[in-house]
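Enquirer: Quick one: the structure is below, questions incoming.
The values are calculated or read from the model by the stated rules, or taken from the named source; none is laboratory data. Predicted, not measured: the structure shown is a model, and the values here were computed from it. With ideal geometry, Cβ positions are generated from the backbone for all residues, glycine too; neighbour counts draw on all protein chains shown.
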Amino acid sequence: MTERHGHGMNAPPGPTDAELNARGIVGFGIGLAILIAAVLGVVWLFSVGLKSARASHDPAPSPLAEANARRLPPEPRLQTAPNDDMRTLRAREDAVLSGYGPADRATGTARIPIDRAIEILARTGLPEPAPPAASASPTAGAPSAATPAPPGAHKEKAKP
């Protein structure tokens, strides 16, 4: 057999490599960690210094950008959530158009859903307008612009 690392067959028991020193290895690792932390600290301080130096050399912002900035209207700002306000308005309108309820309590009129009103008008037709009251003016016989025309007159004019 051949000898390894200069030891014979009758080598004493225990560590065979006397060059390894655990204390030295741990010390080297701690020193390396301290060195890395110090270098990172110096680099961080250097980058902070460069950042502030660069910011001091930047030009001032354009006055046009400040003049064109969006400004809030003066107080009081009455509408803070226009989309929510519009949804609330639409819901209220839909409730009026699709529900039953009193229109005028003094006269005893009521409102009905618009779909039901369309069905009734389709079945019965529009009511005839009341005849205009006779007045003492000289143009009593001539129709005025405010007086509605009879329903048949519009239909005949619409035909080609």
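Enquirer: What number of residues within region 69-103 are closer than 30 Å to ALA117 by Cα and of a type in the set (Lys, Arg)?
Expert: Residues flagged as closer than 30 Å to ALA117 by Cα and of a type in the set (Lys, Arg) within region 69-103 amount to 3.
Enquirer: How many residues are in contact with a helix residue (DSSP H, G or I) (Cβ under 9 Å, 6 or more places away or on another chain) and of a type in the set (Asp, Glu) if we restrict to region 116-135?
Expert: Count: 1.
Enquirer: Look through LEU32, LEU97 and report the one residue that is surrounded by 10 or more Cβ atoms within 10 Å (Cβ to Cβ), modelled with pLDDT of 90 or more and of a type in the set (A, V, I, L, M). Lay out the reasoning, then the answer.
Expert: Numbers: LEU97 fails: modelled with pLDDT of 90 or more.
Checking each option against the conditions leaves just LEU32.
Enquirer: Say whether the condition of being in a helix (DSSP H, G or I), surrounded by fewer than 10 Cβ atoms within 10 Å (Cβ to Cβ), of a type outside the set (Asp, Glu) and at pLDDT below 90 is met by at least one residue in region 100-113. So that I can check it myself, show each step before the final result.
Expert: Within region 100-113, the first condition is being in a helix (DSSP H, G or I), and the residues that meet it are none.
Looking through region 100-113, none of the residues is in a helix (DSSP H, G or I), surrounded by fewer than 10 Cβ atoms within 10 Å (Cβ to Cβ), of a type outside the set (Asp, Glu) and at pLDDT below 90.
Yes/no matrix, rows are residues, columns are (1) surrounded by fewer than 10 Cβ atoms within 10 Å (Cβ to Cβ); (2) part of a helix (DSSP H, G or I):
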| position | (1), (2) |
| --- | --- |
| GLU19 | yes, no |
| GLY49 | no, yes |
| SER56 | yes, yes |
| PRO74 | yes, no |
| LEU78 | yes, no |
| MET86 | no, yes |
